Amino acid sequence: MSAITVLFNRNGERVDENIFQKMFSSLDIHGVDGSRVEIIENVAFGHQHFWCVPEEVKEEQPLKISENLYVLMDGRFDNRSQLLKKLEKKQAEPLSDALIAGLLFNKYGKVCFESLLGSYVLVFYELNEKRVTAVRDHLGDRTLFYHLSPRLFAIASEEKSLIQHKDISRDIDDSRVAVHFAYTQRPDDSTYFKDIKEMYPATYIEITENSFKYESYWDLKNQSKVRYKQENEYFEHFRSIFESSIDARMRSVFEPTVLLSGGVDSSSIVAVVSEIHNTNNLKTASYYFNKFNSANELQYINSVNDKYGLLSFKFEGDKFFPFQNFLETDLSLNKPLVTPFFNIFKEVFSTLVQNEKKMILNGWAADNLFVGANEWLADIFKDRKLITFMREICFHTSKFGTGWLYKNPAPRHLLSPLKPVRDYMVGEKSLNTKPWLSDYSNSFIKQAEVVWSHRKSKHHRLSQINAVCGLNQSMECASYFDDFAGGPIDLRYPFRDRKMVEFALNIPAYMIYSKRSYKNKYILTETLKDHLPQKIYNRNDHGDYSKIISHGYQLERKGIADYLKDKDNFRQFVDPKWFDKTINSKEVSPMDALIIWQILCFEIWIEKLYN
């Protein structure tokens, strides 16, 4: 990914070039294809360029669209043909995506934002009006972080660029740290820094010296339901969207590589790319673990590669277990590292970059896309399929017992009048009650629950919407993968496509889960059943990596305890009794090991941040 830094002195003072250069140079890792700075009195723009699509090769940004308009872009558009039609341009014209954005904004203004499909952020500057406009894509696949005060507005692709400014504090936001240790979803746009916020997906900021506007340009709430009489109609519709999504993501200056896990998501991507695009240059990259059967996906990985005759980069994960070399997790000033599998990711992505495999398709977002499976029973009822509804109730009750009615999420909201009974039988507990959290952390988490419960009344299938469009699922950690690789890479997510998201949120949930096969992602597996290896199609499980986390902790337990014994930044957020008991235990659960990982990464990050 490329990177952007913009500084706007709202008090009219000319930008200090030394300050801006310090901010801009912190993102040098992204500028493998050049960098450029433009300073116009009290506004400065910087762009670190990584060429990902053919039309932007040799381009330098900021682009000057007219005497009054400049534009910067990180990302790409997936609907170029429609956008060129809006501009009355020929399809063959080699206009870069940034130039298309500038011409559209110049012609239509802010109303053009909703029509821009893809993975991108944009910043426009109108010279005469002294107005900066920043835009983030519909799903937040590219990031923008900003600082706002009466005197200063600064916005950048990563937080570490902003904190280089002398007037932007590095003070930590305790509420965000509490969420870090709770291992839960963020309730708002906070970052680890009090002075910095993250732009929400599908929003734009418009700012002048005297005004500030922050608005959404797209909303999922008013979408129409998708209902067909026959299942095959759903499958045909989904296949059309899926193929279109992959096709749009094949436009690249690099040959494609698929990160193949052995699950149905990445296997489906391989199937479509192999059969539709018939590329001879496709390769896959996979990691596997021999020591743990629950995480050994090699038989599934091989079945896909064998079916399509593909060469693969394979990495034995046992050599790169969690917690190994934990002091090397100080990769970025942006935030503490989250994934305990950073060693294997570092090996995978650095190897791919060394082999010029910089465009990587992966299926990571599919789990979030199909989160709505728990509502399958409710949607059967709402669609007035009453006979089917009764059959489902009888079938599941006979198989799982009557307790299924109040313990399982699927029928839960249908039984809301019985909530007092259910609370008595299973106990009413906060979803975010975590035994390792201190009272101080819990005070922030309870506030977060109030925020989400307030939103709950406004959305259908809230869990699915939050999973797909929430800030946790935006690509806030995408910069880590550049750090892992030692240079920029272009990760592309076919399951994070706006049209696919709209479709998945509006089909009935009984197309996501099927009792006949006990399959989640039912629509995906059935759509591609003739194209997947039988091993993949018949899978009803998925890899379980939790034991690997515990194993890695056990191997490094003494070194971890020695490192943390004199550290105290985490102690106000973590219950001291839980910590003392866990750190002195010879065996810990995967969840406890994961929280120790969170503590480690937080302390290492703090040390890097202030030293």
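The values are calculated or read from the model by the stated rules, or taken from the named source; none is laboratory data. In this text, all values refer to a predicted model and were calculated from it rather than measured experimentally. FYI the Cβ positions are ideal-geometry reconstructions off the backbone, even for glycines, and counts take in every protein chain you see. Calculation scope for accessible area: heavy atoms of the full protein, side chains included, ligands and nucleic acids excluded. Shrake-Rupley method; radii C 1.70, N 1.55, O 1.52, S 1.80 Å.
Can you find a residue that is free of Cβ contacts under 8 Å to residues at least 12 places away in the same chain, more than 30 Å from LYS608 (Cβ to Cβ) and open to solvent by 10 Å² or more (accessible area, probe 1.4 Å) anywhere in the stretch 248-270?
No, the stretch 248-270 has no match at all.
Quick grid of which residues meet (1) in contact with a Cys (Cβ under 8 Å, 6 or more places away or on another chain); (2) aromatic (Phe, Trp, Tyr); (3) open to solvent by 20 Å² or more (accessible area, probe 1.4 Å):
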{"site": "ALA3", "(1), (2), (3)": "no, no, no"}
{"site": "ILE19", "(1), (2), (3)": "no, no, yes"}
{"site": "LYS22", "(1), (2), (3)": "no, no, yes"}
{"site": "ILE29", "(1), (2), (3)": "no, no, yes"}
{"site": "GLU38", "(1), (2), (3)": "no, no, yes"}
{"site": "TRP51", "(1), (2), (3)": "no, yes, yes"}
{"site": "GLU60", "(1), (2), (3)": "no, no, yes"}
{"site": "ILE65", "(1), (2), (3)": "no, no, yes"}
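When you check SER175 against the structure, is it surrounded by fewer than 21 Cβ atoms within 10 Å (Cβ to Cβ), part of a helix (DSSP H, G or I) and either in contact with a Lys or Arg (Cβ under 9 Å, 6 or more places away or on another chain) or among the small types (Gly, Ala, Ser) (or both), yes or no?
yes
Regarding GLU356, is this residue under 30 Å from ASP483 (Cα atoms), in a loop (DSSP other than H, G, I, E, B), open to solvent by 40 Å² or more (accessible area, probe 1.4 Å) and modelled with pLDDT of 90 or more?
Yes, satisfied.
All but one of (1) touching an Asp or Glu at 6+ places or on another chain (Cβ under 6 Å); (2) surrounded by 15 or more Cβ atoms within 10 Å (Cβ to Cβ); (3) touching a residue at least 60 places away in the same chain (Cβ under 8 Å); (4) not aliphatic (A, V, I, L, M) hold for LYS608; which doesn't?
Among (1) touching an Asp or Glu at 6+ places or on another chain (Cβ under 6 Å); (2) surrounded by 15 or more Cβ atoms within 10 Å (Cβ to Cβ); (3) touching a residue at least 60 places away in the same chain (Cβ under 8 Å); (4) not aliphatic (A, V, I, L, M), the lone unmet condition for LYS608 is (2).
So in the stretch 496-549, with the set limited to residues that are open to solvent by 60 Å² or more (accessible area, probe 1.4 Å) and closer than 24 Å to ASP379 by Cα, which one is modelled with the highest pLDDT?
Checked the stretch 496-549; the qualifying residue modelled with the highest pLDDT is LYS499.
What are the pairs with Cβ atoms under 7 angstrom where one residue, in the stretch 296-317, is over 22 Å from ASN538 (Cβ atoms) and the other, located anywhere, is surrounded by fewer than 17 Cβ atoms within 10 Å (Cβ to Cβ)? Sequence gap at least six, or different chains.
PHE313/THR351; GLU316/ASN290
So that you can scan it fast, the table gives a plain yes or no per residue for (1) assigned to a loop (DSSP other than H, G, I, E, B); (2) under 30 Å from PHE444 (Cα atoms); (3) open to solvent by less than 10 Å² (accessible area, probe 1.4 Å):
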{"site": "GLY109", "(1), (2), (3)": "no, no, no"}
{"site": "PHE113", "(1), (2), (3)": "no, no, yes"}
{"site": "TYR120", "(1), (2), (3)": "no, no, yes"}
{"site": "ASN128", "(1), (2), (3)": "yes, no, no"}
{"site": "VAL135", "(1), (2), (3)": "no, yes, yes"}
{"site": "HIS147", "(1), (2), (3)": "no, yes, no"}
{"site": "ILE168", "(1), (2), (3)": "yes, yes, yes"}
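For the stretch 359-392, give me each residue that is among the hydrophobic types (A, V, I, L, M, F, W, C), part of a helix (DSSP H, G or I) and out of contact with any Pro (no Cβ under 6 Å at 6 or more places or on another chain).
Across the stretch 359-392, the qualifying residues are ALA366, LEU369, VAL371, ALA373, TRP376, ALA378, ILE380, PHE381, LEU386, ILE387, PHE389, MET390.
For residues that are over 22 Å from the mean Cα position of the chain (by Cα) and not polar (S, T, N, Q), tally how many sit in the stretch 256-280.
Total satisfying the criteria: 6.
Restricting to the stretch 149-164, name every residue that is open to solvent by less than 10 Å² (accessible area, probe 1.4 Å) and of a type outside the set (Gly, Ala, Ser).
LEU152, PHE153, ILE155, GLU158, GLU159, LEU162, ILE163, listed by residue number.
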